[in-house]
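Visitor: Quick one: structure below, then a few questions.
The values are calculated or read from the model by the stated rules, or taken from the named source; none is laboratory data. All values reported here derive from a predicted model rather than from experimental measurement. Don't worry about glycine lacking a Cβ; one is built from the backbone with ideal geometry, like all the others, and counts go over all protein chains shown. Accessible surface is based on the protein model in full, side chains and every heavy atom, while ligands, DNA and RNA are left aside. Shrake-Rupley method; radii C 1.70, N 1.55, O 1.52, S 1.80 Å.
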Amino acid sequence: MRVPYTWLREYCDPGVPAEELAERLVMTGTEVERIDVVGPPAPENFVVGKVTEAVQHPDADRLRVCTVEVGEDGPRTIVCGAPNVAAGQTVAVALPGARMPGGEKLRKAKLRGVASEGMILAADEIELGDDHDGTLVLDDALAAGTPLAAVIPLAEPVLEIEVTPNRSDCFGVFGVAREVHAVTGAPLGPEPWAEDAPATGAGRVEDFAKITVEVPDLCPRFTARVFRDVKIGPSPLWLQARLAAAGQRPISNVVDITNYVMLLTAQPLHAYDLDRVPGGELIVRAARPGEKMTTLDGIERELDAETVLVCDRDQPTGIAALMGGQVSEVSEATTSVLLEVANWDGPNVLRTSRLLGLRSEASARFEKQLHPDLTLRAQALASRLLVELCGATMVPGTIDVAAPPPPPRILLLRDARVTGILGMAIPQADQVAYLERLGFGVEVDGADLAVSVPADRYHDVTREIDLIEEVGRLHGFDRHLPTTLPRVGEGKVGRLDRTQRLRRRAEDELRDLGFEQIVGWSFTDPGEAARLRIEEPDGRADPILVANPLSDEGAAMRTTLLGSLLDVAARNLARGAEAVALFEAGAVYLRGAPPVEGGPLAGNFPGDTPAPATEPRRYGALAVGALVPRSWRGKGEPADFFSLKGALEALAAALGCPPLEFAPTVEPFLHPGRSASVAVGGAPLGWLGEVHPLVCRTWDIPAAVGFEIDAAPLLAAATLGEETFEDVTTFPAALRDLAVVVPAEIDAATVRAAVLAGGGELLRAAEVFDLYEGEQLGEGEKSLALALEFRAADRTLTDEEVDAARASIEAELTKIGGTLRA
């Protein structure tokens, strides 16, 4: 909402610069994003001029040489290119030394050999609209040399206010003025709608117009007035200046009046050319499925059955609360006007706006749900302006089709509750003063107050706590609210809980392992799953869609961290990075049904009823290129499956987790045969593997390897911080190496588990250190070499004891088809 400061001060002048007022508004809850300056940065050297002579330029067909009186300095010669400039006009003039809106300083110049001592201004040259077709012609009653700032606001400060959804009253300049009155205590001027227009026309409004509302639940109130003898023309300069400063383009007096009243009162209006409305009848109804209409922006739009239309007897004339149609718009030929001021159902307006992708100044107000009482306020003000500025005569009467109004809202404000919530006592007289400044009706009831909520705040202030907020913010949270610490039990201090400590430790460990942390977007585009080769019925192919996305690229919630990791890796590699190692700790968003086969990261079962969305926290990592830089000790080999497997095992060890379990798996975005599922203590964690070459090609990166695991089961298995002890023994260990021949399809984890089971309590460790596949073995076989550590806590083991354990291991290996290699 753009609020010109000069316009605001007409209703409440705080007597301070705009910057100081903006700071005070921000500190009391009204967000002022910035202050713009409309027009020239300074008003000096801008004056009113009188054109006494305008002759053709001797050397240019489109230029005229004008003699202009500018006051005490005498006449000036100014070369002008405007086609409408003529002797006798009163014009706006910029003299040499003037600073134009862009900051350029105006100087004397020669145009085709003729010296020009200034500029005769068009409207757009002082940011008074976008008209550049001719000079800005002023009232002839103005004297030459009058400072232009006395006629038109120059260097106009404009407050850009970010209106919160609950404060629809601040969508109007008078609503902001009331807020300034409440905040500063400066006097508030009379309500601009207090005076209505005289009804001097012939007949009654019912003789010219008829209104039928078929959907009263979606149109709680529809009011209409009729005006005859309307003279269409440009608006007066003051009105154009206010609209331009507020960001509206001046069009014609009737249209400008509807925009002006909307900006002042927060209640939108719409004007119809009554002669183009058959029989003067308007019908408010729901659209028929597939019905189409062309709006004022020239676009034909297809509607659905929940869209509300304003129609004449033959066709739709406008989409309720959004935009009118071309059929009955006001034009230069208009002489009779039907003025509509209606109230619409806010949620329906918001829904229709999103459906059609159409948003307007009117819909931005209506979707906040305005009170029906605001309609007659706007009718009164607009009627007066139509009579004064358009020479119209108002036909007596107002058509008012209204559903039962909302009941009055009276809230009890308890003094004890105010003190309890705010932590400070506020005198009752101050509470009354604050609320009355905001337009509330207040009656004292002992120590408490009975507060009547005005129509402007009806849908905002609904509970006692809302009144306490109003009292507190005007009293001054920044100046008077006492500073206290939260009350806690004696001796208690804040600390991280177990999960928070483990999360920090996990992130620290990943950084220590050489990975850089990133923060990716939770939003992604709906096509990310397809780029990752994820297809139905995998639940990750069906992301949760954002209801009102800012862009198509952020229209879905991510179901995996891999996409954002690939995005960041591709961006860095495209900018010259030779290698990247990234990790992210963040949430993914799933529909919440049980996962399909393949672990916890895989979405929903086909046919399951969607459950509420879940947001599991994940750790994801991706490496492209070498994890260790090239040096004299090595070439820096590219990271592979085993590099990331080692990093993942180091992460688990740092958290005190039991050994991780790996098993072959298939993921659509991973390289076949180079991927594994990960588990801990039997609980699925996620996946590990090399990224599929087709996926890498899509992101335009070389080979990449990564993992993604659920945080919850990993942290649940962690023992970091739990005290564990083991006696230190002085008895030596017995070390043995073992070569096991097994079928090629048996994985190393299965072999290791069999060895540990056969070794019993004496076998303290078994680690795979070599793999052999060759001609010396049979077809379809492989040999795994393991390093074994035998140890007893109370004695030195004998060879016989170790050999017995070895024999037990051999027996256990036969169960999986393994034999000891000679």
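Visitor: When the stretch 167-188 is examined, which residues are found to be small (Gly, Ala, Ser) and open to solvent by less than 20 Å² (accessible area, probe 1.4 Å)?
Guide: Within the stretch 167-188, Ser168, Gly172, Gly175, Ala177, Ala182, Ala186 qualify.
Visitor: Only one residue in Ile465, Ile410 is open to solvent by 50 Å² or more (accessible area, probe 1.4 Å), on the phi < 0 side of the Ramachandran plot and in contact with a Gly (Cβ under 9 Å, 6 or more places away or on another chain), so which one is that?
Guide: Ile410
Visitor: Go over the candidates Asp133, Asp140, Asp124 one by one and state the one that is in contact with a His (Cβ under 7 Å, 6 or more places away or on another chain), in the same structural domain as Val51 (by TED's automatic domain parsing) and either on the phi > 0 side of the Ramachandran plot or surrounded by fewer than 20 Cβ atoms within 10 Å (Cβ to Cβ) (or both).
Guide: Asp124
Visitor: When the stretch 359-387 is examined, which residues are found to be open to solvent by 30 Å² or more (accessible area, probe 1.4 Å) and touching a residue at least 60 places away in the same chain (Cβ under 8 Å)?
Guide: Hits for the stretch 359-387 are Glu361, Lys368, Gln369, Asp373, Leu376, Arg377, Arg384, Val387.
Rundown of residues vs (1) hydrophobic (A, V, I, L, M, F, W, C); (2) in a helix (DSSP H, G or I); (3) at pLDDT below 95, yes/no style:
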| position | (1), (2), (3) |
| --- | --- |
| Asp140 | no, no, yes |
| Ala143 | yes, no, yes |
| Ile152 | yes, no, yes |
| Thr164 | no, no, yes |
| Gly175 | no, yes, no |
| Glu179 | no, yes, no |
| Ala186 | yes, no, no |
| Thr200 | no, no, yes |
| Glu206 | no, yes, no |
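Visitor: Hey, can you tell me all the residues within the stretch 320-358 that are buried (at least 18 other Cβ atoms within 10 Å of the Cβ), more than 31 Å from the chain's Cα centre (by Cα) and either part of a helix (DSSP H, G or I) or small (Gly, Ala, Ser) (or both)?
Guide: The answer is Ser328, Ser336.
Visitor: While we're here: Go through the stretch 73-120 and tell me which strands (runs of 3 or more DSSP E), entirely inside it, have 2 or more residues that are over 45 Å from the mean Cα position of the chain (by Cα) and either surrounded by fewer than 20 Cβ atoms within 10 Å (Cβ to Cβ) or on the phi > 0 side of the Ramachandran plot (or both).
Guide: It comes to 75-80, 109-111, 114-116.
Visitor: Scanning the stretch 737-759 for residues that are charged (D, E, K, R) and not in a strand (DSSP E or B), which turns out most open to solvent (accessible area, probe 1.4 Å)?
Guide: Glu745
Visitor: If a residue must be in contact (Cβ under 8 Å) with a residue 12 or more places away in the chain, out of contact with any helix residue (DSSP H, G or I) (no Cβ under 9 Å at 6 or more places or on another chain), part of a strand (DSSP E or B) and open to solvent by 30 Å² or more (accessible area, probe 1.4 Å), how many such residues does the stretch 673-719 contain?
Guide: Total satisfying the criteria: 1.
Visitor: Which residues, counting only those in the stretch 760-793, are outside any strand (DSSP E or B) and either in contact (Cβ under 8 Å) with a residue 40 or more places away in the chain or open to solvent by less than 50 Å² (accessible area, probe 1.4 Å) (or both)?
Guide: Passing the criteria: Gly760, Leu762, Gly774, Leu777, Gly778, Gly780, Arg791, Ala792, Ala793.
Residues are listed down the side, and each one gets a yes or a no for (1) in contact with a Gly (Cβ under 9 Å, 6 or more places away or on another chain); (2) open to solvent by 40 Å² or more (accessible area, probe 1.4 Å):
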position: Lys210; (1), (2): yes, yes
position: Val215; (1), (2): no, no
position: Arg221; (1), (2): no, no
position: Arg225; (1), (2): yes, no
position: Pro234; (1), (2): no, yes
position: Asn253; (1), (2): yes, no
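Visitor: Now, a different point. Within the group Asp640, Asp710, which residue is assigned by TED's automatic domain parsing to the domain that holds Thr559 and under 30 Å from Ser783 (Cβ atoms)?
Guide: That would be Asp640, the only listed residue that is assigned by TED's automatic domain parsing to the domain that holds Thr559 and under 30 Å from Ser783 (Cβ atoms).
Visitor: A further question on this structure: Checking Glu206 against (1) touching a residue at least 60 places away in the same chain (Cβ under 8 Å); (2) open to solvent by less than 30 Å² (accessible area, probe 1.4 Å); (3) not β-branched (Val, Ile, Thr), which single condition isn't satisfied?
Guide: All conditions pass for Glu206, except number (2).
Visitor: Search the stretch 613-637 for residues being over 30 Å from Thr719 (Cβ atoms) and modelled with pLDDT of 90 or more, and hand back the single one that is surrounded by the fewest Cβ atoms within 10 Å (Cβ to Cβ).
Guide: The extreme case among them is Gly625.
Visitor: May I pose another question? For the stretch 546-574, how many residues meet the condition of being of a type outside the set (Asp, Glu), over 15 Å from Tyr589 (Cα atoms) and assigned to a helix (DSSP H, G or I)?
Guide: 9
Visitor: So which pairs qualify, if the first residue must be in the stretch 532-545 and part of a strand (DSSP E or B), the second must be open to solvent by 20 Å² or more (accessible area, probe 1.4 Å), the Cβ gap must be under 8 Å, and the two must be at least 6 apart or on different chains?
Guide: As it stands, the answer is Leu545/Pro526; Leu545/Met557, since those pairs meet every condition given.
Visitor: Looking at this structure, is Glu667 farther than 18 Å from Leu532 by Cβ and not aromatic (Phe, Trp, Tyr)?
Guide: It is false that Glu667 is farther than 18 Å from Leu532 by Cβ and not aromatic (Phe, Trp, Tyr).
Visitor: While we're looking at this one, here's another question. Give me a count of the residues in the stretch 372-411 that are part of a helix (DSSP H, G or I) and either assigned by TED's automatic domain parsing to the domain that holds Val453 or farther than 18 Å from Pro220 by Cα (or both).
Guide: The total comes to 11.
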